[in-house]
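Working notes for the structure below.
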Amino acid sequence: MKKARLKLVFPIFLSLFVLSCSQENLVTRSKFLMGTIVEVTAPNQKAVEIVFDEFKILEEKLSHFNPDSQIGRLNSQGELVVDSQLIRVIKKSLEISQASRGAFDVTCAPLVDIWKKAIKEKNPPDKRDIEKALLLVGWKNIYFDEQSGTVKLKPGMKIDLGAIAKGFAVDEAIAKLKKAGVKSALIDAGGNCFCLGAKSGRPWSIGLINPRKKDEIIQIFALTNKAIATSGDYEQFFISNNKRFSHIIDPSSGYPADTGICSVTVIANDATTADALSTAIFVLGEEPGLKLAKKFKASEVKIVKGADCD
Ligand code: FAD
Ligand code: MG
């Protein structure tokens, strides 16, 4: 049972809290998948399992951490004929890369690896390593044939779907739930949520956490049949010389995005778009970011920036 008191909200891994106002027959279960906590609220255990099964299938295809996944094989072989789900993720990634002029770029994997190590060691990387990695980054160098599913990368290039695949998995799982006749459910994959239908005739309530004060909710969104995703600089980061370095990389510089923003929340019709846009806007900054959101018909964007990030 969940109640409307903030201290009783679910402990979501990232930045969004699921709030609830009434008691009803829903089950809530969590599982560690895709490197994060996936939490599902649904009418019954069978519906929950539909979601976890879909996440498991997609993790096996899309994880760059797994050398046997399709992405793992593409990264090591440089060429692969991928299946229909991967075709859709790559197509959407390229669309957002083009529209964001490369601020969103799944080929920034070599940079992501460098900065992941830096975050672990709390030490900025060598400039020369960044310059070398930058030579391997560029979405325009992905050869992609949608008809055949052929994807080719230039030697040394790698793909990391960390900024879009969780949202995609949420959408695929929601499609499976709908097919099974489920009318009401909520999936939260590490801050990438979809609110299916209503909850006891009322919208789902999602609270946005203050990126600098985790016990404070700064806004509550009431959502029905909408996706919401947040990207921020407060889960994976380190501070060096009073400067914060996060895991969201600006592919034009090779350094973590530095636009004075500490969190971006996007509400959209689907979770793939919300996930990718929240990352892209974080890199682009407010003005170009909002233009991008408009292009992809996002319903709402909440940006936390400036003094609120001190
Ligand atoms: P988002 O803002 O949504 O995405 C940030 C992530 O996207 C970065 O971590 C990086 O991977 C990538 N990125 C950074 N900058 C850009 C950019 N400009 N354009 C495009 N992409 C960018 N983590 C583990 O520790 N172990 C695992 O086994 C593991 N398996 C995973 C399997 C899958 C299929 C996926 C999708 C993720 C997995 N992860 C795993 C988590 C992943 O490495 C990231 O930590 C996570 O996706 C970051 O998501 P986010 O919502 O915090 O941030
Ligand atoms: Mg994202």
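Shown here is the pair-distance distribution of segment 98-206: with all Cα-Cα distances grouped in 10 Å bins from zero up to the longest one, the shares run 12, 28, 27, 21, 10, 1 percent.
Across all directions, the shadow cast by the convex hull of segment 187-266 built on its C-alpha atoms averages 6.4 square nanometres.
Could you tell me which of rounded, prolate or oblate describes segment 44-104, using a ≥ b ≥ c as the square roots of the eigenvalues of the alpha-carbon gyration tensor, with rounded for a/c under 1.5 and, failing that, prolate when a/b is larger than b/c and oblate otherwise? Oblate, because a/c is 1.5 or more while a/b does not exceed b/c.
Give, as a single signed number, the net charge of other residues whose beta carbon lies under 12 Å from the beta carbon of residue 163, with Lys and Arg counted +1 and Asp and Glu -1. Walk me through the numbers on the way to the answer.
Working: positive: 92, 166; negative: 105, 160, 275.
Summing Lys/Arg as +1 and Asp/Glu as -1 gives -1.
Fully extending the segment from residue 140 to residue 236 would add 31.8 nm, taking 0.36 nm per residue of separation and subtracting the current Cα-Cα distance. Using every pair of distinct Cα positions in segment 176-310, the Kirkwood expression returns a hydrodynamic radius of 15.6 angstrom. The calculated 222 nm mean residue ellipticity attributable to helices in the chain amounts to -10500 deg cm²/dmol, summing -39500 (n - 2.57) over DSSP H runs of n ≥ 4 and dividing by all residues.
Find the centroid of the Cα atoms in segment 284-310 and in segment 51-107, then give the distance between the two in whole Å. Between the Cα centres of segment 284-310 and segment 51-107 lies a distance of 25 Å.
Sorting 258-270, 65-77, 103-115 by average packing, meaning the other beta carbons within 10 Å per residue, from highest down gives 103-115, 258-270, 65-77.
Relative to the Cα centre, the charge distribution of the chain, modelled as +1 at Lys and Arg Cβ and -1 at Asp and Glu Cβ, gives a dipole magnitude of about 580 debye. Count Lys and Arg as plus one, Asp and Glu as minus one, and take only other residues whose Cβ is under 10 Å from that of residue 110; the net charge is then -1. Per-residue packing, averaged as other Cβ atoms within 10 Å, sorts the ranges 271-280, 187-196, 50-59 into the order 271-280, 187-196, 50-59, beginning with the highest.
Summing Lys, Arg as +1 and Asp, Glu as -1, what charge do residues with Cβ under 12 Å from the Cβ of residue 71 carry, residue 71 excluded?
Values: positive: 61, 73, 158; negative: 59, 60, 68, 83, 160.
That works out to -2.
For the chain, what is the relative contact order in percent, using Cα pairs closer than 8 Å and at least 6 residues apart in sequence?
Working: 641 pairs, mean separation 56.9, N = 310.
Rounded, it is 18 percent for the chain.
Among 168, 282, 32, the largest mean-square fluctuation in a Gaussian network model of the chain (Cα springs under 10 Å) belongs to 32. Considering only 206, 237, 301, and ranking their Cα positions along the charge dipole of segment 154-302 that arises from unit charges at the beta-carbon of Lys, Arg, Asp and Glu, the one farthest toward the positive end is 206. Counting only aspartates and glutamates at least 8 places from residue 295 when in the same chain, those with an alpha carbon closer than 12 Å to its own are 95.
Whole-Hz Karplus values for segment 234-243 come out as 10, 9, 10, 6, 9, 10, 9, 6, 6, 10 Hz, taken residue by residue from phi with 6.51 cos²θ - 1.76 cosθ + 1.60 and θ = phi - 60°; glycine and proline positions read x. Taking a straight Cα-Cα cut-off under 27 Å and skipping sequence neighbours fewer than 8 places away in the same chain, the lysines within cross-link reach of residue 122 are 132, 158, 166, 213, 214, 243, 305. For a modelled paramagnetic label at residue 213, 7 Å from Cα along Cα-to-Cβ, the residues of segment 242-264 in reach, with backbone nitrogen under 18 Å, are 262-263.
Using a probe of 1.4 angstrom and keeping all protein chains present, the accessible surface of the chain works out to 47 square angstrom per residue.
Given 179/297; 56/120; 91/226; 117/179, which pairs have Cα atoms separated by over 32 Å? Beyond 32 Å: 117/179. One equal scatterer on each Cα of the chain, no solvent, Debye formula: the resulting log10 I(q)/I(0) at q = 0.13, 0.14, 0.16 Å⁻¹ is -0.92, -1.06, -1.37.
The values are calculated or read from the model by the stated rules, or taken from the named source; none is laboratory data. These numbers come from a predicted model, not from an experiment. Ideal geometry is used to build each Cβ from the backbone, glycine not excepted, and the neighbour counts take in all protein chains shown. Please note that ligands, DNA and RNA were not included when accessible areas were found on the heavy atoms of the full protein model with its side chains. Shrake-Rupley method; radii C 1.70, N 1.55, O 1.52, S 1.80 Å.
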